[in-house]
Structures are given as structure tokens and as C-alpha cells.
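Asker: Here it is, the structure, as C-alpha cells.
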Amino acid sequence: MTAVNGSAQRAPAGRASLAADGALAAVLAGVLPVASYFAARHQAGHRPLDAWAIALVIASAAALALRRRYPVAVLALVFGTTLAYFVLGYAEGPIWLALITAYYSAVTGGRRLAAGIAAVAGFAIFPWLDYVLRSRPAPNLTDLAGLAAWLLVVLAPARRCASGGSGQPQPP
């Protein structure tokens, strides 16, 4: 009966997906701290990279191991670690890659509302952190337009992927 409904074929794919997500998380957990170190070296006026920054970067990458199984929880966790990273004043860096991956995974996992909420919240919060917390200049219209464009760039292909490539949502 499982051969008829295809569940026998889905089980190995689930394990393969979990293994691939674990591998992605492991690679990012190894690469992102090193990349963050080098990115921070070239940005003055930010808190130096320390153990807390490395822990936040690794936590954001490690959460991606469960991105397909729990896309909303992973998105929330990665959003939170990324927010903490920037609230604490660390330099811009590759931690964004984990947030973009979690955002994309939520959309392709059919959790578009959660991804939309995260995108709007991120758009409303992240550009203003330095202005509100550190008395730096407010983001200009070009910066905001660029951020909006990047959010749409990630959302557009993710929506197409979630709909099976047809542009129309697939039935459950």
C-alpha cells in the first residue's frame, strides 16, 4: 500500500533532506564565524567580534539543520539571533546568509505568512538599529529601497519554487 501512495519513496527523501540540511548547517557553522571575523576587521565603529558574536553566528547557522522540518521556528530563532547580533553592535557580516536561508526555507516550505511577517519586521527593525541605538544617521531611501528589493528577490523565486514552478500554489 505504501508503494501505491508513495510514502515509501518519501521516507528516504526526508532522511536525505535532513542530512543535506545538517551538512549545510555544519558548513555554515564552520564558515560563517571565520567570514564574520574577516568582515569585522574592515568595519570601524563596531563592537569587536568576541565569543558572544561567534556563539550567535554558530547558533543561527546550526538552526538551519531543521529548516525544512520546522521552518517557522527556525526562521524565528535565526531572526532572533541575527537581531541580537546587531543590537549588541557587531559589524555587518555573513550572519545575513543564515537569515536569508531561513526566510527562503519558510517560503518554500509553504509558510509564506510567517516569512512575510519576518520580512516586514526585519524591514522595519534592522535598518534603524544604528540610528536608534547608536545615534548614527538614519537609513536613506536608497538603502531602504535596496533592502526591499533584496527581500523581493528572495521571495520571488521562493514563491515560484513553493508553487512547483507553475506560479500557482500546489494542493496539499
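The values are calculated or read from the model by the stated rules, or taken from the named source; none is laboratory data. All figures in this text were calculated on a predicted structure; none of them were measured in a lab. Quick reminder, even Gly has a Cβ in these numbers, built from the backbone with ideal geometry, and neighbours come from all protein chains shown.
Asker: Looking at A106, is it touching a residue at least 12 places away in the same chain (Cβ under 8 Å) and crowded, with 22+ Cβ neighbours inside 10 Å? Explain how you work it out, then say what you get.
Answerer: Working: touching a residue at least 12 places away in the same chain (Cβ under 8 Å): yes; crowded, with 22+ Cβ neighbours inside 10 Å: yes.
So A106 fits the description; yes.
Asker: Pairs only if they're at least six apart or on different chains, beta carbon under 7 angstrom, first in the stretch 83-97 and touching a residue at least 24 places away in the same chain (Cβ under 8 Å) and surrounded by fewer than 18 Cβ atoms within 10 Å (Cβ to Cβ), second in a helix (DSSP H, G or I) and charged (D, E, K, R); list them, first residue then second.
Answerer: Pairs that qualify, where the first residue is touching a residue at least 24 places away in the same chain (Cβ under 8 Å) and surrounded by fewer than 18 Cβ atoms within 10 Å (Cβ to Cβ) and the partner is in a helix (DSSP H, G or I) and charged (D, E, K, R), are G89/R134.
Asker: Only one of (1) out of contact with any strand residue (DSSP E or B) (no Cβ under 9 Å at 6 or more places or on another chain); (2) at pLDDT 95 or above is not met by W52, so which one is it?
Answerer: So the condition that W52 fails would be (1).
Asker: Still on this structure, please answer the following. Could you check how many residues of the stretch 101-112 are of a type in the set (A, V, I, L, M) and modelled with pLDDT of 90 or more?
Answerer: Total meeting the criteria: 2.
Asker: Within the group V78, V72, which residue is touching a residue at least 12 places away in the same chain (Cβ under 8 Å), surrounded by fewer than 20 Cβ atoms within 10 Å (Cβ to Cβ) and either over 17 Å from L49 (Cα atoms) or of a type outside the set (S, T, N, Q) (or both)?
Answerer: When all the criteria are applied, what remains is V72.
Asker: Here is a check on your reading of the model: is R136 in a helix (DSSP H, G or I), charged (D, E, K, R) and either modelled with pLDDT of 90 or more or at negative phi (or both)? Spell out the reasoning first.
Answerer: On the way: in a helix (DSSP H, G or I): no; charged (D, E, K, R): yes; either modelled with pLDDT of 90 or more or at negative phi (or both): yes.
It is false that R136 is in a helix (DSSP H, G or I), charged (D, E, K, R) and either modelled with pLDDT of 90 or more or at negative phi (or both).
Asker: On to the next question. Within the stretch 33-59, track down each residue that is within 14 Å of E92 (Cβ to Cβ), among the small types (G, A, S) and surrounded by 13 or more Cβ atoms within 10 Å (Cβ to Cβ).
Answerer: Within the stretch 33-59, A35, S36, A39, A40, A53 qualify.
Asker: Are there any pairs with C-beta distances below 6 angstrom linking a residue in the stretch 15-34 that is within 15 Å of V74 (Cβ to Cβ) to a residue that is of a type in the set (V, I, T) and surrounded by 14 or more Cβ atoms within 10 Å (Cβ to Cβ), with the two at least 6 apart or on different chains, and if so which?
Answerer: Note: pairs meeting the criteria are A29/I58.
Asker: Just to check your reading of the model, which residue among A25, A84, A19 is of a type in the set (A, V, I, L, M, F, W, C) and over 27 Å from I117 (Cα atoms)? Full working, then the answer.
Answerer: Numbers: A25 fails: over 27 Å from I117 (Cα atoms); A84 fails: over 27 Å from I117 (Cα atoms).
On inspection, the qualifying residue turns out to be A19.
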